[in-house]
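Each remark here refers to the structure printed beneath this line.
The values are calculated or read from the model by the stated rules, or taken from the named source; none is laboratory data. All values derive from a computational prediction rather than experimental measurement. Cβ sites come from the backbone with ideal geometry, for glycine too, and all protein chains shown count toward neighbours. The protein model used for the area step is the full one, side chains on, heavy atoms only, and it has no ligands, DNA or RNA in it. Shrake-Rupley method; radii C 1.70, N 1.55, O 1.52, S 1.80 Å.
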Protein chains: 2
Amino acid sequence: MTEPHRALELMERLVRLVGQTGHAHGMKPAQWDALRYLARANRFSRTPGALTAYLAATKGTVSQTVIALERAGLVEKSQHPGDRRSVRLELTPAGRAMLKDDRIEAVRRALARLTPARAAALEDGLQALLSGLIAEGGGRPFGLCRACRHFGKDAHGPGRHLCRLLGEPLTHAESDQICVEQEAA
Amino acid sequence: MTEPHRALELMERLVRLVGQTGHAHGMKPAQWDALRYLARANRFSRTPGALTAYLAATKGTVSQTVIALERAGLVEKSQHPGDRRSVRLELTPAGRAMLKDDRIEAVRRALARLTPARAAALEDGLQALLSGLIAEGGGRPFGLCRACRHFGKDAHGPGRHLCRLLGEPLTHAESDQICVEQEAA
DNA sequence: CCTAATTAGTATCGTAACGATACCAATAAA
DNA sequence: TTTATTGGTATCGTTACGATACTAATTAGG
């Protein structure tokens with residue numbers, strides 16, 4: 001049935017409004033999305049491939065977006081140490097500066113104006129909805145490192161954690177970033 | 001400050017995933033958005049201008065999207081009775097049929113899988129967030145007709161309502177549609 | 001009335017997004 | 001050592017989009 005489901009209408013409208021915040025400073029929505037992702041992804045996840053999974057796009061499209069960001073001096077590429085096919089992406093200082101003028105801050109401010117209870121309920125609902133969509137569609141959750149089943153808390157001492165999947169040490173700061181390999185604990 | 005606000009990350013990701021549902025049947029996301037809007041908007045709101053406000057785009061862009069839908073036989077234009085500048089948009093039977101295959105139904109299904117309490121809290125949070133964004137950005141809410149301050153319930157008898165702003169009668173079905181002129185009661 | 005000013009919409013341009021397809025090089029599997 | 005897979009780029013055609021310029025119909029001001 002096509003029962004209206006007001007929440008769906010609200011989602012659609014919000015998608016539109018949030019999407020249209022991405023036309024500032026001569027940049028495009030997809031470029032902002034990529035920039036924001038790179039600011040929040042851990043070092044294993046700052047690659048064109050992980051970005052492709054995050055954006056749910058095709059790799060050709062993402063490749064072009066990354067090239068545009070590179071030309072604009074907002075992102076730099078380097079080689080992955082162990083795999084010469086793989087590319088590492090890093091924000092440049094200019095890229096980080098650009099994020100300070102991100103118009104999506106308007107959404108963050110609107111979130112901050114909600115009552116704490118409402119905001120918490122919204123976050124909970126969004127998380128549940130996203131999980132449901134990912135379960136149906138086969139995407140990746142891109143959850144926080146510290147909430148991952150491969151996360152070895154304090155494995156190397158207090159505040160010095162471990163990714164058991166990749167066998168790599170993790171700083172405390174890194175454990176708060178998102179990861180392409182994350183699976184809920 | 002730039003405290004991460006997990007809800008914002010979830011929103012961004014959801015925006016992406018929901019947006020990418022719009023590539024089915026040779027159509028584009030903006031075309032689905034327009035089609036869905038026309039299915040839910042009341043007769044005063046089925047115009048290129050109202051669609052422009054809803055999509056938060058520019059009228060040039062929307063004009064082209066509408067032309068594409070018209071060429072595809074999904075939408076028909078007619079003249080507004082009283083104002084010869086204005087264009088009325090109507091879904092054709094083919095347009096309504098197309099909506100039955102809307103891939104955003106995946107989102108509706110994911111919503112339906114939430115517990116009722118969670119779904120209600122999500123709807124409440126989304127509504128509050130959207131209101132906040134609109135208050136800051138100056139958009140229109142596009143709320144339901146029956147929740148409008150111009151809504152005259154049963155003004156012409158039981159189930160025969162009135163829009164006091166436009167002086168037009170409203171059927172019961174119409175009072176459940178969204179309106180470009182809506183202002184919360 | 002008559003002239004602005006406003007409103008509703010279209011046309012055109014240039015850039016980016018996007019899926020699709022084809023391709024290349026490095027790595028992993030057989 | 002083939003062969004398959006993986007990570008990424010290149011190119012094409014269509015659409016999205018903002019920007020700008022335009023037309024025609026309506027409304028406001030004098």
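Add -39500 (n - 2.57) for each DSSP H run of 4 or more in chain A, then divide by its residues: what number comes out at 222 nm, to the nearest 500 deg cm²/dmol?
Helices in chain A give a 222 nm mean residue ellipticity of -14500 deg cm²/dmol.
List, shortest first and in nm to one decimal, how far the label point of B:GLN64 (7 Å from Cα along Cα→Cβ) is from its counterparts in the other copies.
Counterpart label points of B:GLN64 in the remaining copies fall at 1.4 nm.
Placing a label point 7 Å from Cα toward Cβ, how far apart in nm is B:ARG103 from its equivalents in the other copies, listed shortest first to one decimal?
2.7
Kindly write out, for the range A:171-185 in residue order, the coupling ³J(HN,Hα) from the Karplus curve 6.51 cos²θ - 1.76 cosθ + 1.60 (θ = phi - 60°), rounded to whole Hz, with x marking Gly and Pro.
Here the 3J(HN,Hα) series is 6, 4, 4, 5, 5, 9, 9, 8, 9, 5, 8, 4, 10, 4, 5 Hz.
About the Cα centre of chain B, what is the dipole size in debye to 20, counting +1 per Lys and Arg Cβ and -1 per Asp and Glu Cβ, all else neutral?
The dipole of chain B has a size of about 360 debye.
Per the Kirkwood treatment, what hydrodynamic radius in Å, one decimal, follows for the range A:141-185 from the mean inverse distance over all distinct Cα pairs? Walk me through the numbers before you get to the answer.
Working: mean 1/r = 0.1007 Å⁻¹.
Roughly 9.9 Å, rounded to one decimal.
Residues of B:128-138, mean number of Cβ from any other protein chain within 10 Å of their own Cβ, rounded to a whole number?
That average works out to 6.
Find, among the residues of chain A, the one whose Cβ sits nearest the axis of the rotation taking A to B; state the distance in whole Å.
Closest Cβ to the A-to-B rotation axis, residue and whole-Å distance: A:ALA121, 2.
Rounded to the nearest Å, what's the spacing between the alpha carbon centres of the range B:141-170 and the range B:21-59? Just the number, please.
23 Å
Report the far tail of the P(r) of the range B:6-113, meaning the percent of Cα-Cα pairs longer than 20 Å.
I get 43 percent for the Cα pairs in the range B:6-113 exceeding 20 Å.
Between rounded, prolate and oblate, where does chain A land on the alpha carbon gyration tensor, with a ≥ b ≥ c its root eigenvalues, rounded for a/c under 1.5, else prolate if a/b exceeds b/c?
oblate
Per residue of B:111-124, how many C-beta atoms from partner chains lie within 10 Å of its own C-beta, taken as a mean?
Going residue by residue through B:111-124 and averaging, the value is 6.
Name the residue from B:LEU74, B:ALA121, B:LEU133 whose Cα lies farthest towards the positive end of the charge dipole of the range B:65-185, charges +1 on Cβ of Lys and Arg and -1 on Cβ of Asp and Glu.
So the residue furthest toward the plus end is B:LEU74.
Across peptide A:140-150, what mean number of C-beta atoms from other chains lies inside 10 Å of a residue's C-beta?
1
Could you tell me which trypsin sites (Lys or Arg not before Pro) in the range B:78-137 are loop residues by DSSP with no more than 10 other beta carbons within 10 angstrom of their beta carbon?
Hits after loop and neighbour filter: B:ARG84, B:ARG85.
Students often get this wrong, so check it: of A:LYS28/A:LYS77; A:LYS59/B:LYS100; A:LYS100/B:LYS77; A:LYS77/B:LYS59; A:LYS100/B:LYS100, which have C-alpha atoms separated by over 32 Å?
A:LYS100/B:LYS77; A:LYS77/B:LYS59; A:LYS100/B:LYS100
Taking a label point 7 Å from Cα toward Cβ, how far is A:GLU90 from its twins in the other copies, in nm, shortest first?
6.2
Rounded to the nearest 5, what is the percent of antiparallel bridges among the DSSP beta bridges in the protein assembly as shown? Mind dumping the intermediate values first?
Values: 24 of 28 bridges.
Taking every DSSP beta bridge within the protein assembly as shown, about 85 percent pair in antiparallel fashion.
Leaving out ligands and nucleic acids, and using a 1.4 Å probe, what accessible area per residue does the protein assembly as shown come to in Å²?
Result: 50 Å² per residue.
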